1. Only one of GLY103, GLY65 is at pLDDT 95 or above, small (Gly, Ala, Ser) and open to solvent by 60 Å² or more (accessible area, probe 1.4 Å); which?
2. It is to be established whether one or more residues within the stretch 26-46 are of a type in the set (Gly, Ala, Ser) and surrounded by 15 or more Cβ atoms within 10 Å (Cβ to Cβ).
3. Does SER120 satisfy being modelled with pLDDT of 95 or more, on the phi > 0 side of the Ramachandran plot and more than 13 Å from the chain's Cα centre (by Cα)?
4. Pairs under 6 Å by beta carbon, first residue touching a residue at least 24 places away in the same chain (Cβ under 8 Å) in the stretch 28-49, partner open to solvent by 60 Å² or more (accessible area, probe 1.4 Å) and among the basic types (Lys, Arg), six or more apart or different chains?
5. Within the stretch 76-93, track down each residue that is in a strand (DSSP E or B) and open to solvent by less than 20 Å² (accessible area, probe 1.4 Å).
6. Going by what's in this entry, would SER21 be described as in contact with a helix residue (DSSP H, G or I) (Cβ under 9 Å, 6 or more places away or on another chain), modelled with pLDDT of 95 or more and among the small types (Gly, Ala, Ser)?
7. Exactly one condition in (1) open to solvent by 50 Å² or more (accessible area, probe 1.4 Å); (2) under 15 Å from the mean Cα position of the chain (by Cα) is not met by GLY9; state its number.
8. Could you pull out the residue among ASN96, ASN73, ASN54 that is out of contact with any Ser or Thr (no Cβ under 7 Å at 6 or more places or on another chain), touching a residue at least 12 places away in the same chain (Cβ under 8 Å), exposed (fewer than 14 other Cβ atoms within 10 Å of the Cβ) and of a type outside the set (A, V, I, L, M)?
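The values are calculated or read from the model by the stated rules, or taken from the named source; none is laboratory data. Computed from a prediction, not measured in an experiment: that's the story for all the values here. Here Cβ is always computed from backbone atoms with ideal geometry, including for glycine, and neighbour counts include all displayed protein chains. Ligands, DNA and RNA are excluded from the accessible area calculation, which covers all protein heavy atoms including side chains. Shrake-Rupley method; radii C 1.70, N 1.55, O 1.52, S 1.80 Å.
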Amino acid sequence: QVQLVESGGGLVQPGGSLRLSCAASGSIISIYKMDWYRQAPGKERELVAGTTSNGRTDYADSVKGRFTISRDNAKNTVYLQMNSLKPEDTAVYYCNCLLARTGTVGLVAYWGQGTQVTVSS
């Protein structure tokens with residue numbers, strides 16, 4: 001089995017910063033893609049940032065210049081550094097990993113449990 005454990009969410013004032021972490025563990029062979037999504041109340045889940053095993057990164061227009069995604073391949077961990085936070089960044093943030101695991105042919109996607117980020121004064 002594979003587990004994704006997220007941490008780092010919380011309450012922060014506008015203009016503040018938070019750093020999210022997502023650690024993958026279990027029967028992992030390799031992780032191709034590690035992404036962060038978010039879902040605000042009443043809205044659809046959206047892709048915030050993503051990174052591939054070759055180092056490519058992508059960002060939603062709404063977070064470019066404020067958020068930075070990075071990964072530690074040795075630890076199977078992805079991070080999301082969030083700066084200059086705005087109230088509209090309030091959401092539950094989810095980690096998603098596309099990976100190869102033992103006992104399964106091809107790539108499989110896994111989701112973390114989500115971590116709440118609230119930006120409010």
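1. Values: GLY103 fails: at pLDDT 95 or above.
Within the list GLY103, GLY65, the selection yields GLY65.
2. The first filter runs over the stretch 26-46 and keeps only residues of a type in the set (Gly, Ala, Ser), leaving 26-27, 30, 40, 42.
With surrounded by 15 or more Cβ atoms within 10 Å (Cβ to Cβ) added as a condition, the list becomes none.
No, because not a single residue in the stretch 26-46 is of a type in the set (Gly, Ala, Ser) and surrounded by 15 or more Cβ atoms within 10 Å (Cβ to Cβ).
3. On the way: modelled with pLDDT of 95 or more: yes; on the phi > 0 side of the Ramachandran plot: no; more than 13 Å from the chain's Cα centre (by Cα): yes.
Considered against the rule, which asks whether it is modelled with pLDDT of 95 or more, on the phi > 0 side of the Ramachandran plot and more than 13 Å from the chain's Cα centre (by Cα), SER120 comes out as no.
4. Filtered contacts from the stretch 28-49: TYR37/ARG45; GLN39/ARG45.
5. Applying the first criterion (in a strand (DSSP E or B)) to the stretch 76-93 yields 77-82, 91-93.
If the condition is that a residue be in a strand (DSSP E or B) and open to solvent by less than 20 Å² (accessible area, probe 1.4 Å), then THR77, VAL78, LEU80, MET82, ALA91, TYR93 are the ones that fit.
6. On the way: in contact with a helix residue (DSSP H, G or I) (Cβ under 9 Å, 6 or more places away or on another chain): no; modelled with pLDDT of 95 or more: yes; among the small types (Gly, Ala, Ser): yes.
Spelling it out, it is not the case that SER21 is in contact with a helix residue (DSSP H, G or I) (Cβ under 9 Å, 6 or more places away or on another chain), modelled with pLDDT of 95 or more and among the small types (Gly, Ala, Ser).
7. Result: GLY9 passes all but (1).
8. On the way: ASN96 fails: exposed (fewer than 14 other Cβ atoms within 10 Å of the Cβ); ASN54 fails: touching a residue at least 12 places away in the same chain (Cβ under 8 Å).
Answer to the check: ASN73.
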